[in-house]
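The values are calculated or read from the model by the stated rules, or taken from the named source; none is laboratory data. Please read these numbers as outputs of a predicted model, since none were measured by experiment. Cβ atoms come from the backbone with ideal geometry, glycine included; neighbour counts cover every protein chain shown. To get the accessible areas, we keep the full protein, side chains included, count just its heavy atoms, and leave off ligands, DNA and RNA. Shrake-Rupley method; radii C 1.70, N 1.55, O 1.52, S 1.80 Å.
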Protein chains: 2
Amino acid sequence: METRPDLQAGSTNYDIVIVGAGPVGLMLSTCLSRWGYKIKHIDNRAEPTPTGRADGIQPRSLDLLRNMGLKSAIMAHKPARVYEVAFWDPPKNGKGIVRTGTWASCPSFIDARYPFTTLLHQGLIERVFIGDLEKNGVQVQRPWTIAGFKSDEKENPEYPVEVRLEHVDGTASEVVRAKYLFGGEGARSFIRNQLGIGMTHKDPISNVWGVMDGVVNTDFPDIKMKCTIHSDHGSIMVIPRENNMVRLYIQIATSTDPDFNPRKSATVEEVQASAKKILAPYTIEWERVEWYSVYPIGQGIADKYTLDHRVFLGGDACHTHSPKAGQGMNTAFLDALNLAWKIHLVERGFAVRELLTTYEPERKDVAENLLAFDNKYAKLFSQRPPAANEVQAASQNATKDSDDNEFIKTFKESCEFTSGYGVAYKPNSLNWSESHPAQSHVIHPKGTKLRTGRLFMNADVTRVVDANVVHLEQEIPLNGSFRIFIFAGKPAVTATALKDLASYMSKKGSFYSSFLRPDVDAVSHHERHNPHSWFFSICTVFAAPRSSVEISRDLPELLARYREHVYADDRWDRRALDAQAAAHAKMGLDQEKGGVVVVRPDGYVGMVTELVEGSGTVDALNQYFGAFCTKKLGETMAQL
Amino acid sequence: METRPDLQAGSTNYDIVIVGAGPVGLMLSTCLSRWGYKIKHIDNRAEPTPTGRADGIQPRSLDLLRNMGLKSAIMAHKPARVYEVAFWDPPKNGKGIVRTGTWASCPSFIDARYPFTTLLHQGLIERVFIGDLEKNGVQVQRPWTIAGFKSDEKENPEYPVEVRLEHVDGTASEVVRAKYLFGGEGARSFIRNQLGIGMTHKDPISNVWGVMDGVVNTDFPDIKMKCTIHSDHGSIMVIPRENNMVRLYIQIATSTDPDFNPRKSATVEEVQASAKKILAPYTIEWERVEWYSVYPIGQGIADKYTLDHRVFLGGDACHTHSPKAGQGMNTAFLDALNLAWKIHLVERGFAVRELLTTYEPERKDVAENLLAFDNKYAKLFSQRPPAANEVQAASQNATKDSDDNEFIKTFKESCEFTSGYGVAYKPNSLNWSESHPAQSHVIHPKGTKLRTGRLFMNADVTRVVDANVVHLEQEIPLNGSFRIFIFAGKPAVTATALKDLASYMSKKGSFYSSFLRPDVDAVSHHERHNPHSWFFSICTVFAAPRSSVEISRDLPELLARYREHVYADDRWDRRALDAQAAAHAKMGLDQEKGGVVVVRPDGYVGMVTELVEGSGTVDALNQYFGAFCTKKLGETMAQL
């Protein structure tokens, strides 16, 4: 990135002040620090989370962590992996509990790389981010808190936000200016309160939960599985953890109880006694309790995520819900990611400031869905078990009839959502639809199976230069750039289209020519991802065997420059058994003529176009990017 | 492991003195330190290898590193991965070089988990082992060297080896006693020389090689691939490295040259000039040279690996050969592994001391094969390119005719060998054959595809307790124990056989009862691998869907104790498409009735038996283990 004079040591001007070093703050900080921004990051805790709290990394979040190069550091802690969820209920006749079914937590209809939930103590996850931040020179300032702020673009258009920070014991304070302020302080957000943003409660019911992490000795056979257990003595949820630990969630009180008291509590011993009753006839004893907490929780969603697009909120400051679906940290990660690259695109001069207005609707919609899901799920979970005649006889294989159980039905329907693959951003300038300004007939060709606003599909391909088998969707790291995937079909068929693509990209006024790096002529030949521009990275995928692809012959020079991002779609895929080119086929792209896919920096599909001869494809790309870019694109095409 | 009085601080008695901290010494040290042995480990270098030297980790070695939990630390360095090898030769007509074919370096006929070679600078690999050693309290003492030793079992039966060690600058020395001494000092082994063990040269030809690691700028399209390039101007081998580096091997002189001088050298500039000529018409420029070395090398193999089974040699001290097949480090790893567990079995009282006599023949045989291969391969490589009419026209797809090229033919034939999967230990007390003392009719049932003395096959299975999809062959870590895989077929069919298996195992005089842990009644319920004995670990694999397996119902208590090692053979496998139970099918075991596979601690198959009702299976196991165990096994069976 460019060297910037405002990044000098000693200046109290920052690109962003981030308050809170939980998952949302750390993800935002990590992204922006990698992309060269100056960050003040504070947290009012003296240390990262020592025990307990959120611990579920969903499949899509693991994709994201891998894309950031952080997955192996997470996996080094040997987290538990949940592949299946077991349901236990009272038997039709008799006492105790029986397993009434098990379901994949990320079933194969979801084409996930990692079809499991990864369970690891939040503090270990935080430390992975903190370690990465330190490599980029960012130190979380602890224990510091925010004491006040104001935001005024008129007073200071460049650094409109003034923030007052204080050591928690009041012994020190400082005032800094920033372009942005981010509140990732959790449910009791000071910034949200100061802004006067209210919380709306989707459901008036609130619950008091007990949660206990510990090491147990039990003959309950599913102690290493995620389980939801309903019994005549109450309900618990079992979640395996790293280091032989298990987490139990137990509901202590609910606002529908006649004598509900939101301050109701329970001791460790009371919760253990309860768990023993629920698990009978199985036995359970605790060898060690690592963490125990009781907390009341209701569903809430912030009315706004920002007022002025300078001060933003994310994570638990925006949405609270029951912990059981394991969505908190994952939603927080994706809030931060969504905001990070939009700030980046605006601050680097690629996108108009209005791009920031897409943060709230995209993420608030996800939070609404989460709460609707949680509401339905939590209610079912809190209910007394269904009547005996509704309960399925314990069966070894889950039967079709199990769908009659509303709880299981909800769970199954929600798999895509809980795995993180259900996020579907609605049409806007980034997510093409029929009402998008880009309206070429080559856009969104018939047959495409990619859906704009949803994650790009996974695909195995062979990298041409080194014959490595790679995960195409992971080939561009999280670099803040748009990802342009040129599915180039058969080289003999698309030769002219590729030549034309490069040629029209090179013309003045194209998305390519308009956003070249200022140092484009001095870029090292080792630069793989951004040799031309920080705005985009390019991958080309031929529907041909690797050994038949000759990069210097089959690609025009501009595209050949991305030689380490040229692939052969020659891998076998169980999901496209009959296809010659499985990745093309899975995505519904023509195996001869190919197509071009624009993927947002966060991995969601922005637009799909045909790959055609002439200017059509570049025209479509210019129209798409032109909908939110700072420069008018493609206007001069006709003349050139 | 048990606490041992001789492990006290201050004692100068060691279990083993290891000289040399290259791959062979470090592997031995790492294994033995994990298994509780007291080690003195010295190296005459002040630091681990700083640059260059061996760098190729073959597929089978990567399996081993994973089994040791060290793979992710290796992979964190982002090594290069070689999936294919390209062959370049002069064109039929005209000048320069053309690609005449590419071949998978570990083709799919080898069922490898990691079908690629991993390339990483030796020093980084050494540091991964050193880090692990330090966790177990072993510090390599540097720069220290061995000044002398003597071995006399009569003088001191417990610690027969006396070793004199010195600081390399002569300022300090010490004398220690040990049960074993290991020479992993490389080609110029002091210990080998002191023992008077000669080297036999398979091939009188020796060569002078130049090797250069550096960062280049080139338009040669296969610079990220492993290539063997023959041209009218000489031959080179290209090997990609981490951090954009590339290694070039170039032959500077050979003893068949009329004016051969084994001290012939070449400067960096001379080698670069040579490489430029060979690669023409492609261009190459060096941006940086990280390491450059010229060394003469001949093929040699030590006549003995040990004289008294107290002082052992391994690695380059036993075999030298050309560096190009990338076998040095891999063979060293497997030398050390082979010795480590045999010492362990003897020292823990499980196996008779004669077991140690299997080290030399097993490993020397591998070295002989390696040299025969290297000889053939190196000769071809050193030859002038074949006459024009022998050279295939450059073809996009390797054609059948390419087999006519002797060089490529040798390469292909040797893939299994070079990937590490070709190691086939010959019959002895560990590797069952028709001449083994164990001669029950249930042994080695018809149809089994497992070969004794060869690696156990890979298989995906589902772990029953947590529904995790796992690699069966990796489920027992490298713990020095035999691995008993009970393929249990269909639960309804094998119920009695399993009950009988457990029941006869429990009888006095069985391999099970004879080698119980002294602390067996106090073992934590969290112990997964060795709840009963350090001599073996047990896995059970049912040919049934995971959800249908109920451990407490389907397994007798003894086997159910290994509940975290109970699996369902319910995963789909491309290599056994029609099978209901793919792992059973791949291994040629009956999908109804199962079978039992004994795998040596190093992963090689020892014996396969049927799983039968009555005492037959345990009788066979007792006979097998009885061939090398310290106790008479199974003699009392008939009476009980």
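Quick notes on this one:
- Sites B:H201 and A:S548, calculated FRET efficiency, Cβ-Cβ separation with R0 60 Å, nearest 0.05: 0.85
- Residue by residue along A:463-475, Cβ atoms of other protein chains within 10 Å of the local Cβ number 4 on average.
- Ordered by 1.4 Å accessible area with all protein chains kept, B:F515, B:F109 run largest first as B:F109, B:F515.
- Ordering of B:153-160, B:127-134 by burial proxy (mean other Cβ atoms within 10 Å per residue, highest first): B:127-134, B:153-160
- Placing B:R263, A:R571 in order of accessible area, with the largest value first and a 1.4 Å probe, yields B:R263, A:R571.
- In the protein assembly as shown, Rg over Rh equals 0.97, where Rg is the alpha-carbon radius of gyration and Rh the Kirkwood radius from pairwise Cα distances.
- Using the average count of surrounding beta-carbon atoms within 10 Å as a protection proxy, the listed peptides B:610-619, B:38-47 rank, highest first, as B:610-619, B:38-47.
- Using equal-weight Cα scatterers in the Debye expression, the normalised intensity of chain A in log10 at q = 0.05, 0.06, 0.12 Å⁻¹ is -0.25, -0.36, -1.28.
- Of all chain B residues, the one whose C-beta is nearest the axis that brings B onto A, in angstrom: B:S72, 3
- For residues of A:516-529, the mean tally of beta carbons on other chains within 10 Å: 1
- For B:P477, the label point sits 7 Å beyond Cα toward Cβ; its separations from the matching points on the remaining copies run 3.0 nm, from shortest to longest.
- Gyration tensor (Cα) of the range A:1-141, equivalent ellipsoid semi-axes in angstrom: 40, 17, 11
- The range B:460-639, Cα convex hull volume normalised per residue, Å³: 110
- Inter-label distance, A:Q194 to A:E134: 2.9 nm, where each label sits 7 Å from its Cα along the C-beta direction.
- When Rg and the Kirkwood radius Rh are both evaluated on Cα atoms of the range B:230-305, their ratio Rg/Rh stands at 1.02.
- On Cα atoms only, tilt of B:359-382 relative to the major axis of chain B in degrees: 30
- Helix-only mean residue ellipticity at 222 nm for chain A, each DSSP H run of n ≥ 4 adding -39500 (n - 2.57), per residue, nearest 500: -7000 deg cm²/dmol
- Acute angle (nearest 10 degrees) that the helix B:616-626 long axis makes with the longest principal axis of chain B, alpha-carbon atoms: 60
- Between helix B:268-279 and chain B: long-axis angle, C-alpha atoms, 0 to 90°, nearest 10: 90
- Förster radius 45 Å - calculated FRET efficiency between B:N93 and B:D257, Cβ distance, rounded to 0.05: 0.95
- Listed residues A:K342, A:K449, B:K202, A:K95 arranged by accessible area, highest first, probe 1.4 Å: A:K95, A:K449, B:K202, A:K342
- Treating each Cα of the range A:112-237 as an identical point scatterer and summing with the Debye formula, the log10 of I(q)/I(0) at q = 0.09, 0.15, 0.16 Å⁻¹ comes to -0.53, -1.06, -1.12.
- Packing order of peptides B:494-506, B:558-570, highest average first: B:558-570, B:494-506 (average count of other Cβ atoms within 10 Å over each peptide's residues).
- Summary for A:E368: label point 7 Å along Cα→Cβ; distances to the equivalent points in the other copies, ascending, 7.8 nm.
- Of the whole protein surface, A:F149 contributes about 50 Å² of accessible area at a 1.4 Å probe radius.
- Accessible area (Å², 1.4 Å probe, nearest 10) - A:Y292: 60
- Amide H within-cut-off set for B:V311, under 5 Å, with H built and near neighbours excluded: B:L181
- 3J(HN,Hα) along the range B:12-18, derived from phi through the Karplus expression 6.51 cos²θ - 1.76 cosθ + 1.60 where θ = phi - 60°, amounts to 9, 8, 10, 5, 8, 9, 10 Hz, with x in place of Gly and Pro.
- For B:T51, the label point sits 7 Å beyond Cα toward Cβ; its separations from the matching points on the remaining copies run 5.1 nm, from shortest to longest.
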